[in-house]
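Okay, structure first, notes after.
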Amino acid sequence: MPDTAEARIQGTETRLDPAIRNDPFPFYDALREERPVYYDPGLDVYLVTRYDDAKQVLADSDTFSLEHGYQDRYANGHVEEFAEILDREGGGFIRDLAIDPPAHTRLRRLIEKAFTAHRVKDLEPRIRQIVIDLIEKVADKGEGDGMLDIGAPLTAHLICEQLGLDFSRIGTEKVAWWTTAILAQIGRMQTHDEMVVNARTICDLQNTIIAEIRERQENPREDMITDLVNAQLNDEENPRLTFTELVATVRAFLIAGNDTTAAGIANVLHVLATHEGLAEELYPQVDDDRVMSRFVEEVLRLHPPVHGLFRTAMRDVEVGGTMIPAMSQICVMYAAANYDSARFPDPARLDIARPNVGANLTFGAGIHKCVGIALARMEVKVAAQEFIRRLTDIKLAVPESELTFLPTLATHTFERLPLTFRRRTA
């Protein structure tokens, strides 16, 4: 570690700082160099920032519990009152399905039945049409918001359709409202008053989901909720999802399938807007799925929608030369690990030809790797293809310093992304 006089990290810095929240990468760089496992005093959490250390945590679900990582500080210290509101007004306090083996193994096998390869492949034409429709609404205006006009409505529309929810009735704003309330429970930044508002928002979400599940139990359809209701294992004591598990799973699909993918799509637009000439360089190869997939993977490495997720150390354990006491909270900082030069040489450079382009931790690793990874990658790739095919001269409409992000540690999502552009004519 450098001498204290030269150190960028003094030990008082916190991810809660709005300046760090809106531009966290210099903070991550300093942590990797000086304090790769850093105790954040504002969050009371150890931040793990190097690639190999992150992999150590993600590979050992016995020592580093996902279940405790999520549940022990759910609702940011207000869980009892939060639960009372949900029990009274929202059909019950139903925790996220962030669980450890062996229960996780059964649940994962059941949930994967809603993400079969043929379902994901068959979705591509519908994804493309939704993207085209959204771009066409703004292409001739010359300006639009990458998050509000494209990213958020695309993913909200698609996940509602796939679950079997009526998007015309729900709409993008309600999905965003629900998403913000759920993410606040794991983002570690909400106040008591915000918790009360968020709890009532989640009541509305759960009441909607409960009604939909009950309807599918009576009248099955061709949608993901029906797939989950009917999912069955042949070799388990509990071969079907319980009603509570159904509610939690549908809720998770709706939120995770919306926010993080919307952020990924907005991040592609941001990269195109801030790398002059990149869209023109990629245009001749826009139909080459391999090239476009590698481009998207590199963008997702550089700008992962999820910056960090939580674990709890179940015993005293050393990570990266730092002793972490038992029952301490850990946040695996995927975004920081993706910039580790020991794994990704010249890490800040966008390099589509990078040999290990797929080795990033954007979707996690180990047994808890994102279950919807194939669908998310397809959505972002299709969106990138249509942006490049239909728009040119994409630029930020405001200075980079004016861009802000939602107040949560877990994700890094633009609040808005104002852009200017022209319709491509040739």
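Brief remarks follow.
- Test: residue in segment 224-232 that is charged (D, E, K, R), part of a loop (DSSP other than H, G, I, E, B), open to solvent by 10 Å² or more (accessible area, probe 1.4 Å) and farther than 30 Å from Leu282 by Cβ: no
- Asn338 touching a residue at least 12 places away in the same chain (Cβ under 8 Å) and within 17 Å of the chain's Cα centre (by Cα): yes
- Each residue in segment 125-144 was checked for being touching a residue at least 12 places away in the same chain (Cβ under 8 Å) and either in a loop (DSSP other than H, G, I, E, B) or buried (at least 19 other Cβ atoms within 10 Å of the Cβ) (or both), and 9 pass.
- Residues of segment 291-313 satisfying the condition of being of a type outside the set (Lys, Arg) and either assigned to a helix (DSSP H, G or I) or surrounded by fewer than 18 Cβ atoms within 10 Å (Cβ to Cβ) (or both): Val291, Met292, Ser293, Phe295, Val296, Glu297, Glu298, Val299, Leu300, Leu302
- In segment 168-188, the residues that are more than 17 Å from Thr260 (Cα to Cα) and open to solvent by 40 Å² or more (accessible area, probe 1.4 Å): Ser168, Arg169
- Matching residues in segment 150-202 - criterion: being within 21 Å of the chain's Cα centre (by Cα), basic (Lys, Arg) and assigned to a helix (DSSP H, G or I): Lys174
- Of all residues in segment 358-365, none satisfies being open to solvent by less than 10 Å² (accessible area, probe 1.4 Å), aromatic (Phe, Trp, Tyr), in contact with a Leu (Cβ under 9 Å, 6 or more places away or on another chain) and at pLDDT below 95.
- Filter result (farther than 24 Å from Ile182 by Cα and either touching a Leu at 6+ places or on another chain (Cβ under 9 Å) or modelled with pLDDT of 95 or more (or both)) within segment 221-248: Ala231, Gln232, Leu233, Glu236, Pro239, Arg240
- The set of residues in segment 34-67 that are outside any loop (DSSP other than H, G, I, E, B), charged (D, E, K, R) and within 14 Å of Asn338 (Cα to Cα) comprises Asp52, Asp53, Lys55.
This table checks each residue for (1) of a type in the set (Asp, Glu); (2) under 25 Å from Ala248 (Cα atoms).
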residue: Glu80; (1), (2): yes, yes
residue: Gly91; (1), (2): no, yes
residue: Asp96; (1), (2): yes, yes
residue: Lys121; (1), (2): no, no
residue: Arg126; (1), (2): no, no
residue: Gly146; (1), (2): no, no
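- Filter pass, Ala75 being at positive phi, in a helix (DSSP H, G or I) and open to solvent by less than 40 Å² (accessible area, probe 1.4 Å): yes
- Selected residue (criterion: most open to solvent (accessible area, probe 1.4 Å)) from residues of segment 314-357 that are part of a loop (DSSP other than H, G, I, E, B) and small (Gly, Ala, Ser): Ala342
The values are calculated or read from the model by the stated rules, or taken from the named source; none is laboratory data. These numbers were taken from a predicted model, which means no experiment stands behind them. As a convention, Cβ positions derive from the backbone with ideal geometry for all residues, glycine included, and neighbour counts pool all protein chains shown. Accessible surface areas use protein heavy atoms only, side chains included; no ligands, DNA or RNA. Shrake-Rupley method; radii C 1.70, N 1.55, O 1.52, S 1.80 Å.
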